[in-house]
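Peer 1: Dropping a structure here in structure tokens format, bear with me for questions.
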Amino acid sequence: MEYLLIEYADPQGVLDPIALRYRLRNNPIVPRWVERVRLAQQQYEIDDPRRFYGFGTDQTAQALLSINKCIALINSFEPILDRQLADIGDQDTLNYLHSIFERYHGLLDQQTDSFWNRAPEQVRKALADLNIAVHRCESVTRGRPPSHVVTWFGLPKDHVLKDEDYAWAEHTWQPGTVFLNYCEIGKTLEELADDQDEYIGADAFRPFRHYSADFVVNFGSRTARQATARHAIMYAYYQQHRAKFASWQACYTNGKLPLADLEGELDLDAVASRQMVQSVKLI
């Protein structure tokens, strides 16, 4: 097994699908991630095959509609949200909505809240979708480069990275790099610095420790200068809020854990017109 093969399809069914091949990296994280993917595929479908971000299309209306639909569905079961979103640039409301997701979903292995246990499946899904919609709004307003995320929400997130795994983190990358996706319930130091979140609970700061089958394909690049700039933002936030964090080394990573790299040239226009993951294969 050497490759991750992803088929991209046109949601409208007009264009023929295309397949992109990503060569797996040779690092100790990859075999463990592959095992998680195989297990996920035996039991679950991909959560949302249309989790594409930053392709230049107008996602504002879609993001607003999605968030407010989730709010209405959740409140129809129990009125726990007292806001709607009128502007995707309203970071304060996005932080509030994300805090509701954390509180009523529960952190990993802490889903004991009575709301989550009582809620029917469609309400649980709306709560999970609320989190996705918040991050979609943030992606649009911050102009993030094109990417897509593949997750299997139902797979238990009970595997933990080893300390030595972080040595493989990369701070710069080229278009078409596949990375392990953050699957904690909460926020990293980088997200806290970006969001200036005043709602998050003390226990919802979650360094990247647990991993799953979930992954992200980055179609943009990051230079050393951009990585340094990100580091400066995170470090400044850390210095201002030292009491929240046990130590700099324990909570900080400015990099991502790589899994695979695109083979061949990237035709971003072809992917942009096929923003739906039709299949994921390991070959």
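Peer 1: Under a Cβ-only charge scheme (Lys and Arg +1, Asp and Glu -1), can you give me the dipole magnitude of the stretch 56-143 about the Cα centre, in debye to the nearest 20? Display every interim value, and only then the final one.
Peer 2: Values: 8 positive and 12 negative charges, 37 e Å.
In total the dipole reaches around 180 debye.
Peer 1: On to the next question. Using +1 at the Cβ of each Lys and Arg and -1 at the Cβ of each Asp and Glu in the chain, identify which of His159, Gln62, Thr188 lies farthest towards the dipole's positive end.
Peer 2: His159
Peer 1: Working out 0.36 nm times the residue gap between Ala19 and Ala243, then minus their Cα-Cα distance, what length gain in nm do you get to one decimal? Walk me through the numbers before you get to the answer.
Peer 2: Details: separation 224, 0.36 × 224 = 80.64 nm, distance 4.77 nm.
Difference between extended and current length: 75.9 nm.
Peer 1: Grab the beta carbon distance between Ala229 and Val34, set R0 = 35 Å, and tell me the FRET efficiency rounded to 0.05.
Peer 2: On the way: r = 33 Å, r/R0 = 0.96.
Efficiency computed from Cβ-Cβ geometry: 0.55.
Peer 1: Take each of the peptides 231-243, 127-139, average the number of other beta-carbon atoms within 10 Å over its residues, and list them starting from the highest.
Peer 2: Details: 231-243: 13.3, 127-139: 21.3.
The most tightly packed comes first, giving 127-139, 231-243.
Peer 1: Here is a further query. Using helices alone, what [θ] at 222 nm do you get for the chain, with -39,500 (n - 2.57) per DSSP H run of 4 or more residues, divided over all residues and rounded to the nearest 500?
Peer 2: Details: 9 runs with 107 residues, N = 283.
It comes out at -11500 deg cm²/dmol, rounded to the nearest 500.
Peer 1: Size of the dipole of the chain about the Cα centre, Lys and Arg at +1 and Asp and Glu at -1 on the beta carbon, nothing else charged, in debye to 20? Walk me through the numbers on the way to the answer.
Peer 2: Values: 30 positive and 39 negative charges, 83 e Å.
About 400 debye.
Peer 1: Say each of Leu65 and Ala270 gets a label point 7 Å from the Cα, pointing the same way as Cα to Cβ; how far apart are those two points in nm?
Peer 2: 2.9
Peer 1: Note the count of lysine pairs whose C-alpha atoms are less than 24 angstrom apart in the chain, limited to pairs 8 or more residues apart or on different chains.
Peer 2: Final tally of qualifying lysine pairs is 14.
Peer 1: Using the Cα centre of the stretch 123-219 as the reference point, and only Cβ charges (+1 on K/R, -1 on D/E), how large is the resulting charge dipole? Debye, rounded to the nearest 20.
Peer 2: Result for the stretch 123-219 is approximately 400 debye, rounded to the nearest 20.
Peer 1: Okay, moving on. Among Ile46, Ile88, Leu24, flag the residue with its Cα farthest along the positive direction of the charge dipole of the chain, charges on Cβ as +1 for Lys/Arg and -1 for Asp/Glu.
Peer 2: Positive-end residue among those listed: Leu24.
Peer 1: Using a simple spin-label model with points 7 Å from Cα along the Cα→Cβ vector, what separation in nm is obtained for Lys162 and Gln174?
Peer 2: Output for this residue pair reads 2.8 nm.
Here, each number is a calculation from the coordinates, and none is a lab measurement. Every value quoted in this text rests on a predicted model; they were computed, and no experiment measured them. Heads up, the Cβs are rebuilt from the backbone with ideal geometry, glycines too, and the neighbour counts pull from every protein chain shown.
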